[in-house]
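The values are calculated or read from the model by the stated rules, or taken from the named source; none is laboratory data. Only a predicted model underlies this, so the values are computations on that prediction, with no experimental measurement involved. FYI the Cβ positions are ideal-geometry reconstructions off the backbone, even for glycines, and counts take in every protein chain you see. Just so you know, the surface numbers come from the protein's heavy atoms only, side chains and all, with ligands and any DNA or RNA stripped out. Shrake-Rupley method; radii C 1.70, N 1.55, O 1.52, S 1.80 Å.
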Amino acid sequence: MRLVTPGDSAPASVNKYLLPHETQVITVRRHPAVLMVPVGLVLGGLIIAGVLSNTVASDAGAVISWIWWGWLILLAWFVWRVAEWSVDYFVITNQRMLLTTGLITRKVAMMPLAKVTDMSFKRTIAGRMLGYGEFVLESAGQDQALSAVPYLPYPEQLYLEVCEMIFPNKNPSDD
């Protein structure tokens, strides 16, 4: 499985963090399930705002106005979270793993593939139903900037691809 073919290029927001001699192998965006809580809060807020608007006396126009302004602030927060999700990428090159996050303050967490001593992934029940998982990375007794990457799509395929890169076949004649 190649999620990014060698001829393709990473998004511009990620490409600037790649070294000239690196070859990208995988570039994926986090699973949309990362937005489940914000969606639930916005919908719940809409229901609460609607119920409160109908139960508050009609002469309390200022209270109704504050209720809807509060919901609009919640909606703006949701739009911000969607915008952040749209620029977050997990990138695996032939030499390292990168996780780029943040819309205004950009954060790039990185771990060299050679430093990975153990890697696992876990899937919750919701993750199995919706198709996402979390990578847990360990390195030789060091705290790393990249230790867990939640909400990754295609976790089994990604896991196998990354394991093949970390632990290549020493005997190619066995294929």
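Please determine, in degrees from 0 to 90 and to the nearest 10, the orientation of helix 36-55 with respect to the longest principal axis defined by the Cα atoms of the chain, where the helix direction is its Cα long axis.
With both axes taken from Cα atoms, the answer is about 0 degrees.
Rounded to the nearest 0.05, what FRET efficiency do Val136 and Ala76 have when you use their Cβ-Cβ distance and R0 = 35 Å?
With a Förster radius of 35 Å, E is 0.55.
Round to the nearest 10 and give me the degree value, 0 to 90, for the angle of helix 155-166's Cα axis relative to the longest principal axis of the chain.
The angle comes out at about 30 degrees.
Going toward the positive end of the dipole of the chain, with +1 on Lys and Arg Cβ and -1 on Asp and Glu Cβ, which of Ile48, Ile67, Asn169 do you reach last?
Ile67
Determine the relative contact order of the chain: mean sequence separation of Cα pairs under 8 Å and six or more apart, normalised by residue count, in whole percent.
20 percent
Give the relative contact order (percent, whole number) for segment 99-175; include only Cα pairs under 8 Å separated by 6+ residues.
The normalised contact order for segment 99-175 reaches 26 percent.
For segment 51-137, what is the percent of antiparallel DSSP beta bridges, rounded to the nearest 5?
So the antiparallel bridges amount to about 100 percent of the total.
Using label points projected 7 Å from each Cα along Cα→Cβ, tell me how many nm separate Lys122 and Phe167, to one decimal.
Result for the modelled spin labels: 2.0 nm.
What is the helix-to-structure angle for 61-87, meaning the angle in degrees between its Cα long axis and the longest Cα principal axis of the chain, kept from 0 to 90 and rounded to the nearest 10?
It is inclined by approximately 10 degrees.
Which value, in debye to the nearest 20, describes the size of the charge dipole of the chain about its Cα centre when Lys and Arg Cβ atoms bear +1, Asp and Glu Cβ atoms bear -1, and nothing else is charged?
In total the dipole reaches around 260 debye.
Return the carbon/sulfur percentage of the accessible area of the chain, one whole number, probe 1.4 Å, all protein chains in place.
Answer for the chain: carbon and sulfur cover 62 percent of the accessible area.
Highest mean first, how do 25-33, 73-81 rank when packing is the count of other Cβ atoms within 10 Å averaged over residues?
My ranking of the peptides, most packed first, is 25-33, 73-81.
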